[in-house]
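Colleague: So that we are looking at the same thing, I have put the structure below in structure tokens.
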Amino acid sequence: MSDQVHISKRVKTGKEVIILNILAYSFCSIISILCLIPFIMVLTGSLSSEEAIVNNGFSLLIQDFSLDAYKTVFKDPLVVGKAYLVTILLTLGGTAIGLLLQTMTAYVLSRKDFEWRNGFSFFFYFTTLFSGGLVPYYMLMTITLKLQDSYLALLLPMIFSVYNLLIMKSYISSVPESLMDAAKIDGCGEFAILFKVVMPLIKPALATVGLFIALAYWNDWYNAMLYIKSESKYPLQYFLYRQVNNIEGYKKMLTNSGVSSSVINSVNLPTQTLKMALTIVVTGPIVLAFPLVQKYFVQGITIGAVKG
């Protein structure tokens, strides 16, 4: 009798698991589709004509196939390639340097034998509560450091983040101290412990923080707007931002000059489709790179949430 009860419970439990899995996968599939729809609309919008978008709005299907938006983006391939190169070099260099600095800082602050770690931790946390404002920051960059129209003006502002530091610190704190003590007994110094013992064990955190830093550099256009004057030094985001503004500004100039809207619309100047094409051009490399670090990214976020 008891065996039959156990079997019935197993069958019931098995059915519940199957039903739960069906509901969970169905819900996740629906959410995934809803998240995918905007990307599809961006892609189809970039491949549609400006007239079709203005008259019919955006759609999941391509309307009046046209490559005018991409032709406008790449009308000067050398300039676009230069902007891409600037952004790629800034992203790679800034990510590598920022990741190294934040890992070293987090390692020091996580060591219990560091006497002043609480004081320094408070100092870093305090900077997240208060800011000097834009004017002192701009004066520091241009007058004191003299970084006007310099690549360092794009590199330095985002090279260190306290938020990323906290993630890294919480992950390094989960590394057993016995491993570090064993490395010390074997004659390793602090740098050897960091690079040979700690860093191989915190790959999820390195991938997570590295992705955050890379996204910050890749999407940055504000610092270029403040400090960069030479077009040859424009990063990709700011270069494309100026392209959209130039077209919209030209249309406004025609409107203010008394030109009729029909004449303006007859001029082949894509605006809405250009924005969609720029979105594809800018986000494409990041979308392709994200799957490479997705596994580590999820693990890093999880440990940061649990250990935080």
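Colleague: Kindly provide the set of residues from segment 56-78 that are loosely packed, with under 14 Cβ neighbours inside 10 Å and part of a helix (DSSP H, G or I), ordered by number.
Modeller: Within segment 56-78, N56, K71, P77, L78 qualify.
Colleague: May I ask you to say which residue of T142, T128 is over 18 Å from K233 (Cα atoms) and among the polar types (S, T, N, Q)? Before you say what the answer is, go through the steps one by one.
Modeller: Details: T142 fails: over 18 Å from K233 (Cα atoms).
Selected residue: T128, the only one of T142, T128 that is over 18 Å from K233 (Cα atoms) and among the polar types (S, T, N, Q).
Colleague: How about segment 79-104: which of its residues are surrounded by fewer than 19 Cβ atoms within 10 Å (Cβ to Cβ), in contact with a Phe, Trp or Tyr (Cβ under 8 Å, 6 or more places away or on another chain) and under 17 Å from N164 (Cα atoms)?
Modeller: Residue satisfying the conditions is L101 alone.
Colleague: I'd like the full set of residues that are under 15 Å from A277 (Cβ atoms) and surrounded by fewer than 18 Cβ atoms within 10 Å (Cβ to Cβ), limited to segment 43-55. Give the derivation first.
Modeller: Looking only at segment 43-55, we keep the residues that are under 15 Å from A277 (Cβ atoms), and these are 43-50, 52-53.
L43 - this is the single residue of segment 43-55 that is under 15 Å from A277 (Cβ atoms) and surrounded by fewer than 18 Cβ atoms within 10 Å (Cβ to Cβ).
Colleague: Next question, about the same structure. For segment 139-159, what are the residues that are surrounded by fewer than 16 Cβ atoms within 10 Å (Cβ to Cβ) and on the phi < 0 side of the Ramachandran plot? Before you say what the answer is, go through the steps one by one.
Modeller: First, the residues of segment 139-159 that are surrounded by fewer than 16 Cβ atoms within 10 Å (Cβ to Cβ): 139-140, 143-146, 148-149, 152.
M139, L140, I143, T144, L145, Q148, L152, listed by residue number.
Colleague: In the list V175, V162, which residue meets the criterion of being at pLDDT below 90 and touching a Leu at 6+ places or on another chain (Cβ under 9 Å)?
Modeller: Working: V162 fails: touching a Leu at 6+ places or on another chain (Cβ under 9 Å).
None of the others qualify; the one that does is V175.
Colleague: Please work out which residue is nearest to I172 (Cα to Cα), limiting yourself to segment 108-118 and to residues that are modelled with pLDDT of 85 or more and not in a loop (DSSP other than H, G, I, E, B).
Modeller: S110
Colleague: Of the residues Y137, Y107, Y84, which is among the hydroxyl-bearing types (S, T, Y), closer than 30 Å to S230 by Cβ and touching a helix residue (DSSP H, G or I) at 6+ places or on another chain (Cβ under 7 Å)?
Modeller: Values: Y137 fails: touching a helix residue (DSSP H, G or I) at 6+ places or on another chain (Cβ under 7 Å); Y107 fails: closer than 30 Å to S230 by Cβ.
Exactly one residue qualifies, and that residue is Y84.
The values are calculated or read from the model by the stated rules, or taken from the named source; none is laboratory data. Remember, it's a predicted structure, so these values are computed and weren't measured experimentally. Cβ coordinates were reconstructed from backbone atoms using ideal geometry, including for glycine residues, and neighbour counts include every protein chain displayed.
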